[in-house]
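Structure record follows, encoded as structure tokens.
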Amino acid sequence: MPTYNFKQEAEVYVVSGGTYRIHVTDVSFSQTFSEQSYSVNTIHSPNNLFEASVINKANVASFGLSLPALKEADYAIIETLLLNATEFDLYVKTAADVYHLSKAVLTNGSFVIERSRPLSLQIAGEAAQLIVGASFTGTSPISNRSYTIPQLDITLNSASLTDIVSVTMELQNDVSWTGYTTVNKAVSATTMYPSGFTLSKKILAGSITQYLTDGNSSTVQTFDTDASLSIKAGNGLSGSFFRGFSFGPAVCSFTNRVNSQSAVYVQSYDWRLVENPASLATILKYETD
């Protein structure tokens, strides 16, 4: 009987200055190839109407991970790789095979904050090459997992926001991949894979949705390009006991709009970071033990 690859049995490992096993609730990955066609219709073969194909170039591989934001520091490596857009290697191990995504980089990270549900991260990334059948020895999973149920503390321009409906926060790393830039590499390669990447831009943005009441209606349909924003989502919102997602205080722009489509009116702040800190890790943190 053949051995199948089951997603729920997959083991995920991040290799960057060490080997880290990451417990995920979902994992996906793929890589496609670029095809070029050319005509074979000639004077001698006028009926050759189907074009021939050349395939010698791979597109950038893509992958996605969903993982809980644990109180333990085991997944802090994900925060480091996301904030710094650092190159690493990703391995997905199943009962049948090992899949290796080489020269990987995290391009998108969504900080998932939902009512009465543990905090989690949804990660997307790209890699130079997907290698099937790689050789890899994994590590043992962490023994203890403590999940974080979020409490919210949001401050905008020194005013505390209450009656919160939902909060979103997302970091995007805009990377550009380079191919085989020399003639020798291009000629010698059977298949050309991307050789590296450069980071050109970062975007950190999100939204805050709030029930519209008589106490906060003065802020509806306003905007600001120099607002101080602070967001905390996690356990123990005061002192050194905080565990969860922490952003700010940082300078952001925002627009505010009213939404009257639902049964209860709400207002939404769509915000974006406009400050350029020396280190993003000083204002955007995944706080752990």
For residues in the stretch 40-95 being among the β-branched types (Val, Ile, Thr) and more than 27 Å from residue 196 (Cβ to Cβ), which is modelled with the highest pLDDT?
-> 94
Among 65, 101, 82, the single one that is in a helix (DSSP H, G or I), closer than 28 Å to residue 30 by Cα and touching a Gly at 6+ places or on another chain (Cβ under 9 Å) is 82
Take the stretch 98-115 and flag every residue that is in contact (Cβ under 8 Å) with a residue 60 or more places away in the chain, over 23 Å from residue 141 (Cβ atoms) and not basic (Lys, Arg).
-> 105, 107, 108, 110, 111, 113
Considering residues of the stretch 127-141 that are buried (at least 17 other Cβ atoms within 10 Å of the Cβ) and of a type in the set (Gly, Ala, Ser) only, the residue nearest to residue 15 (Cα to Cα) = 127
Candidates 198, 255 - the one that is assigned to a strand (DSSP E or B), of a type outside the set (Phe, Trp, Tyr) and touching a Phe, Trp or Tyr at 6+ places or on another chain (Cβ under 7 Å) | 255
Name every residue in the stretch 12-62 that is in a loop (DSSP other than H, G, I, E, B), over 27 Å from residue 93 (Cα atoms) and among the polar types (S, T, N, Q), in order of residue number.
-> 39, 41, 42, 45, 47, 48
Residue within the stretch 240-251 that is over 28 Å from residue 214 (Cα atoms), loosely packed, with under 14 Cβ neighbours inside 10 Å, modelled with pLDDT under 95 and among the hydroxyl-bearing types (Ser, Thr, Tyr) present = yes
Does residue 117 meet the test of being of a type outside the set (Asp, Glu), part of a loop (DSSP other than H, G, I, E, B) and either surrounded by 17 or more Cβ atoms within 10 Å (Cβ to Cβ) or touching a strand residue (DSSP E or B) at 6+ places or on another chain (Cβ under 7 Å) (or both)?
-> no
Using the structure shown, decide if residue 174 is under 26 Å from the mean Cα position of the chain (by Cα), within 22 Å of residue 251 (Cβ to Cβ) and at pLDDT below 95.
-> no
Among the residues of the stretch 127-154, write down those that are farther than 18 Å from residue 93 by Cα and either under 24 Å from the mean Cα position of the chain (by Cα) or modelled with pLDDT of 95 or more (or both).
-> 128, 145, 146, 147, 148, 149, 150, 151, 152, 153, 154
May I ask you to verify whether residue 95 is touching a residue at least 12 places away in the same chain (Cβ under 8 Å), more than 16 Å from the chain's Cα centre (by Cα) and not in a strand (DSSP E or B)?
-> yes
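The values are calculated or read from the model by the stated rules, or taken from the named source; none is laboratory data. Just so it is clear, the model here is predicted, and its values are computed rather than measured. Every residue, glycine among them, receives a Cβ derived from its backbone with ideal geometry; neighbour counts consider all protein chains shown.
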